[in-house]
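Chemist: My questions all concern the structure below.
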Amino acid sequence: TGHTTLDYGFVNTASTASAITYIDGDQGILRYRGYPIEQIAKNSSFLEVAWLLIYGELPSASELADFDDRIRRHTLLHEDLKRFFSALPDGAHPMAVLSSAVSALSTYYEHQSDPANPEHVELNIIRLLAKLPVIAAYAHKKSIGQAFLYPDNSLSFVDNFLRLNFGVMSEPYEVNPVMSRALERLLILHEDHEQNASTSTVRLVGSTGADQFASVSAGIHALSGPLHGGANEAVLKMLAQIRDSGQSVQRFVERVKNKEDGVKLMGFGHRVYKNYDPRAKLVKESADEVLTALGVTDPLLDLAKELEEIALNDDYFKERRLYPNVDFYTGVIYKAMGFPTRMFTVLFAIGRLPGWLAHWRELTLDPKTKIGRPQQLFTGSPERQYPTA
Ligand code: CMC
């Protein structure tokens, strides 16, 4: 009140204080609870990082074992919820399926989703971590017309997810350890990124007193856009289009620079990073390694590298400090693993879930939290008289 400042896109306005993730965009630094992302990616596991983000410290061995065990025991979906998938059209986008199913999930736990009840909050952290990958895999199975498998709780978080996606009913599924480790690393790199659009959405919805299911479902919708998580899908489509057009990479870059038809270099640029995205560096390092280990050669990886090389040496991109972001190389790896392009952003959602849960919890525990309610600058008509006959 008093003086409202106009800040399109919140470029200069902090909406909250937070102790979870630190980013220095000029230097390309990312830390989860103080630990550099490079050390985390090398040494940690997805669930260990989830615990770290949510509770602030690395778990002890027994805390982690207990957390993992509880998550394994909550993977089943209610059979009625499984029928929900058949109400959606064939070819439904898996991101839309995911957010709708998480919304629907809330109806099963209405009696246990009071944001002010710590037991409910902890239980729903477990439920969401356990069930989101299962829903995601069913969204995938639905999109290819295959039967849903039951989770196998003898498997780790990532291995269970791989089996649910790629296993078929009648045959045993052997998890490829290279693929498992590679996917776990990618998921870890996505776990949190402070006040990005989807996390801010989760916080805004949470600030109204809505529960974790409602908040996470809204976060998934926010993530789906091509300027945010949807960029990983858009990158692969862009690479395929360049390949199929027969145009040179240089010509494509010219089109981007001339802003022809609003075309952008997807997977490039970031609101916060004005330097190489440290996650993109790690993803790029593993792209060659993973494709080689999986015995896959993909000309799209060479195309991506060529595109990066040309862009990084071009004044347009240099002046604007545009570098590859996390989404630039992930798609090529997901594709090598066998995921269809439309599943890429769903994988981002599974990765980001711990961050959303950590921010939702931080928000609800913070006594300073208020309902999020931005101001506006009114640019419409002054008072006028309704015409009467
Ligand atoms: N290709 C071409 N030009 C670009 C790009 C791009 N990818 N990104 C920014 N620019 C230009 C933009 O046109 C503007 O130029 P000018 O000053 O001539 O108008 C200048 O760079 C500044 O860009 P901006 O739009 O003010 O930057 P922003 O902070 O509002 O947007 C962004 C950030 C990520 C939305 C944007 O860089 C973008 O659209 N990138 C492509 C989509 C993408 O890869 N998104 C993933 C983000 S990373 C993780 C995630 O959330 O998934």
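Chemist: Pop the C-beta distance of His78 and Ser381 into the FRET formula with R0 = 51 Å and round what comes out to the nearest 0.05.
Modeler: The computed FRET efficiency comes out at 0.50.
Chemist: Next question, about the same structure. Hey, any idea what the orientation-averaged projected area of the convex hull of the stretch 129-208's Cα atoms comes to, in nm²?
Modeler: Directional mean of the projected Cα hull area for the stretch 129-208 stands at 6.8 nm².
Chemist: From the phi of every residue in the stretch 296-304, what ³J(HN,Hα) in whole Hz does the Karplus formula 6.51 cos²θ - 1.76 cosθ + 1.60 yield, where θ is phi - 60° and glycine or proline is x?
Modeler: 10, 10, 9, x, 5, 5, 5, 4, 4
Chemist: Just to be sure I understand the model, the point goes 7 Å from the Cα along the line to the Cβ. What's the resulting Lys264 to Leu6 distance in nm?
Modeler: Each label point is offset 7 Å from its Cα along the Cβ direction, giving 2.2 nm.
Chemist: Same structure, new question: For the chain, what is the mean residue ellipticity at 222 nm derived from helices alone (per DSSP H run of n ≥ 4: -39500 (n - 2.57); sum divided by total residues; nearest 500 deg cm²/dmol)?
Modeler: -17000 deg cm²/dmol
Chemist: Can you sort Phe213, Phe84, Phe378 from fewest to most other Cβ atoms within 10 Å of each residue's own Cβ?
Modeler: Phe378, Phe84, Phe213
Chemist: What is the calculated FRET efficiency for Arg181 to Arg373, with r their C-beta to C-beta distance and R₀ = 41 Å, to the nearest 0.05?
Modeler: Approximately 0.40, to the nearest 0.05.
Chemist: Between Rg and the Kirkwood Rh of the stretch 1-121, both from Cα atoms, what is the Rg to Rh ratio?
Modeler: My calculation of the ratio gives 1.06.
Chemist: Same structure, new question: Test of understanding: ordering His111, His190, His228 by Cβ neighbours within 10 Å, fewest first, what list do you get?
Modeler: With the sparsest Cβ surroundings first, the list reads His111, His228, His190.
Chemist: How long are the semi-axes of the ellipsoid equivalent to the stretch 231-337, from square roots of 5 times the Cα gyration tensor eigenvalues, in whole Å, largest first?
Modeler: 22, 17, 11
Chemist: Which whole-number percent of Cα pairs in the chain have a distance greater than 36 Å?
Modeler: The answer is 25 percent, as a whole percent.
Chemist: Here's something else I'd like to know. Could you please rank Glu306, Glu383, Glu362, placing first whichever residue has the fewest other Cβ atoms within 10 Å of its Cβ?
Modeler: Ranking Glu306, Glu383, Glu362 by Cβ neighbours within 10 Å, fewest first, gives Glu383, Glu306, Glu362.
Chemist: Okay, next question. If the elastic network links every pair of Cα atoms under 10 Å, which of Ala50, Ala14, Ala222 fluctuates the most in the Gaussian network model of the chain?
Modeler: Ala14
Read the figures in this text as sums done on the coordinates, not as results from a lab. Every value quoted in this text rests on a predicted model; they were computed, and no experiment measured them. We place every Cβ from the backbone using ideal geometry, glycine too, and count neighbours over all the protein chains shown.
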